[in-house]
1. In the stretch 78-129, how many are over 27 Å from TYR164 (Cα atoms) and of a type outside the set (A, V, I, L, M, F, W, C)?
2. Being touching a residue at least 60 places away in the same chain (Cβ under 8 Å), surrounded by 18 or more Cβ atoms within 10 Å (Cβ to Cβ) and in a loop (DSSP other than H, G, I, E, B) is the filter here, so list the residues in the stretch 224-240 that pass it.
3. Taking the conditions exactly as written (touching a residue at least 12 places away in the same chain (Cβ under 8 Å), assigned to a loop (DSSP other than H, G, I, E, B) and surrounded by 18 or more Cβ atoms within 10 Å (Cβ to Cβ)), does PRO582 satisfy them or not?
4. Among the candidates GLU711, GLU676, GLU731, which residue alone is open to solvent by 10 Å² or more (accessible area, probe 1.4 Å) and without any contact (Cβ under 8 Å) to a residue 12 or more places away in the chain?
5. So if I check each of ILE765, ILE737, ILE721, which one is among the β-branched types (Val, Ile, Thr), in the same structural domain as SER800 (by the TED database), within 22 Å of the chain's Cα centre (by Cα) and open to solvent by less than 30 Å² (accessible area, probe 1.4 Å)?
6. Residues of the stretch 176-223 being open to solvent by 20 Å² or more (accessible area, probe 1.4 Å) and of a type in the set (A, V, I, L, M), which ones?
7. Quick one: in the stretch 768-792, which of the residues that are within 14 Å of the chain's Cα centre (by Cα) and acidic (Asp, Glu) is nearest to LEU841 (Cα to Cα)?
8. Restricting attention to the stretch 263-272, does a residue exist that is within 20 Å of ASP375 (Cβ to Cβ), touching a residue at least 24 places away in the same chain (Cβ under 8 Å) and open to solvent by 20 Å² or more (accessible area, probe 1.4 Å)?
Amino acid sequence: MRRWVLAIAILAAACFFLGAQAQEVQQGHQTERISGSAGDVLEDDPVGRLKVYVYDLPSKYNKKLLKKDPRCLNHMFAAEIFMHRFLLSSAVRTFNPEEADWFYTPVYTTCDLTPSGLPLPFKSPRMMRSAIELIATKWPYWNRSEGADHFFVTPHDFGACFHYQEEKAIGRGILPLLQRATLVQTFGQKNHVCLKDGSITIPPYAPPQKMQAHLIPPDTPRSIFVYFRGLFYDTSNDPEGGYYARGARASVWENFKNNPLFDISTDHPPTYYEDMQRAVFCLCPLGWAPWSPRLVEAVVFGCIPVIIADDIVLPFADAIPWEEIGVFVAEEDVPKLDSILTSIPTDVILRKQRLLANPSMKQAMLFPQPAQAGDAFHQILNGLARKLPHGENVFLKPGERALNWTAGPPTAIIILASSPPFPSPPRVALLPPPPRSLLGFRRARWKGGEVWGVRTMPLRLSSAAAAVALALLLAATALEEVARGQDTERIEGSAGDVLEDDPVGRLKVYVYELPTKYNKKMVAKDSRCLSHMFAAEIFMHRFLLSSAIRTLNPEEADWFYTPVYTTCDLTPWGHPLPFKSPRIMRSAIQFISSRWPYWNRTQGADHFFVVPHDFGACFHYQEEKAIERGILPLLRRATLVQTFGQKDHVCLKEGSITIPPYAPPQKMKTHLVPPETPRSIFVYFRGLFYDTANDPEGGYYARGARASVWENFKNNPLFDISTDHPPTYYEDMQRSIFCLCPLGWAPWSPRLVEAVVFGCIPVIIADDIVLPFADAIPWDEIGVFVAEDDVPKLDTILTSIPMDVILRKQRLLANPSMKQAMLFPQPAQPGDAFHQILNGLGRKLPHPKSVYLDPGQKVLNWTQGPVGDLKPW
């Protein structure tokens, strides 16, 4: 413990010593644009992408409320007012409702204030209900969709649950009449009844002019390490303590009130905004709700936000890369807050500051008057535009009703005694397997002398860097002791629950009985199909035949499965030929549609198919040809279960389930090494770097990423990389800390499965990849993502990861449920890939009404596609 305290002290000294040099770096490169899709989204212009019709309501719903109490203009819930004002003069507004994409109802539900300026929510449900009744009787547009093409701004503490106490908000739930609408709200928490799917989470309102008036010179040094002003206890509403902020704020005070690195207090000084601009880290802990204006203030003032709110859904999460600009600390880890923040490498801190200095980042968090390009108004519109075009299930049939107008409490004016919200549920700890140490890997020589293989500071900052390196080295022993005590870790929250779901009882699957020419005869002809990486289609069939979710009565089935082995036509080298696949699939669909009535009633919308080709149901191994072909037209309503996953690609349709490729479990099991074997290889990879046969000029294969790995690191002693595939391949992965998983011709490969199963941290180099079971496996927590353009910096990226981060990734990878989810074992086991597929299908139930067609209705074109695909098979 003494050694650990000394390490922190040295590290703190190093941080202050780095001030001048860090400032020099910032002066040379003060801002950095968000790279990739997030940066593009952040700078999107919604004009021309959507049209909004603003209902003209009586002023009692909006302007009269504001006239009665102008304080509504300045509180943190004011986004509803300024969004209304913005839309009235916006270029996206249309006065012709027939051409509108979205309809907006301007109701100021938070403008009923107490003397102390807090909004009373008791009238809000009745006000909202009254406004909806008005637009439903005066205009025809609500009734045709029951609000599914309408959006509402609901900036209450718990959104459209309309209550400031969480327990009461949960009891109320979202106002039933808003169940189909899109909600634009400040409240965001995963798996919470007050955040419905498809909502747009926004920042709370913070007054831009007031903040601008407090700006200080940009070259002012950040001399405060950690800053916070606010309540630590709420004795009036939580007299016994423990409920407010789930104890996180109290823990901050109790652990760090006397720590010189922490400037924390309940006082709110007049220099509050200036102090944030002098701070490196600003704490943003939850209160009664997970959000607060501190997040906006931190971003605007360039102070790295330290987010302490488990399961928070952050504003504009598809545009703002919160993982890159902020620091996330679990509520239960607050006592370790000093160690967590002081162990962040300086280059990481500097990059977060450069990103925060980007004007577009600050702009996205504000509601300025007048509006400015890229501000929060525009981010909301971008979010609405990304939901277009509306799906088929938005518009109802004449006379159809989806909402219950009589649902909800009989009156909204019931004042109940205050009581604290529910405490956090207890976390589950799994028994650890034998330890596997990180700290045994080989040493490497650098110019400055001998250091551990993890190079702690890629920046050359002389004695400051040496101090940080020394601090981390001193911390190593303490970290190893922690690792011995907890070698495995369960995924927290919803992901862990999803990973361990049991699909039995949640769905029933009917398996079509096809002639054996579609499946079993192919395997009998070429048994190699059982062991290649496309074999998931075979083993899924075998699993379903004996599964408890199989039903022999098609009338009670939720899903229908057609067992077609489209990858079991192999070349002499064992590669699947896709040329017959479209005809095989088309023939099978013609067979089931002529023999059973179930395909025809939905045209496949309640059917799923396993298509493990390189590019899924595009059925080609060359991407250019696959894109040209597109997904087989007859499969466009079906759910596709496929290994190929890449965002915004024609071969991945919305609603597909991405799965891991097949890797032989028994073979892998025979190569296991003793769990205490040290991981002595830092980076490991075996495979092609160039594909001269198919890409003789180079540059196309793996988009040059693999070639870049070889050219930059073939002589680096930390990188064990080669084209050779040794008999000890599986053993070597178990001796490695990081395993490279770069794209090839497609973004996926079995290396990802092998890395997870063997506890080697996967380094994923494949821009826009969609990973297997992404709703169950927290890839951001167990892996490392490196952009293809950043491959030349791979050594710096990996060596700058703090050791505590590496250890946590290893503990998560040691969780048996993580490994199990990547495998197709025979016989099946709970939580394996078969069960994850069923869980994915189970989460799609119940099917919406749009799945079922009217008698005689046809959606698919049976004559569409290349001429060769239409030939009989």
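1. 9
2. Within the stretch 224-240, GLY230, ASP238 meet the criteria.
3. Taking the combined requirement at face value, the residue does not satisfy it.
4. GLU711
5. ILE765
6. Result: VAL193, LEU195, ALA213, LEU215, ILE216.
7. This residue is ASP775.
8. no
The values are calculated or read from the model by the stated rules, or taken from the named source; none is laboratory data. Because the structure is a prediction, the values reported are computed rather than measured. Here the Cβ is made from the backbone with ideal geometry for all residues, glycine too, and neighbour counts use every protein chain on show. Just the protein is used for accessible areas: all its heavy atoms, side chains included, with ligands, DNA and RNA removed. Shrake-Rupley method; radii C 1.70, N 1.55, O 1.52, S 1.80 Å.
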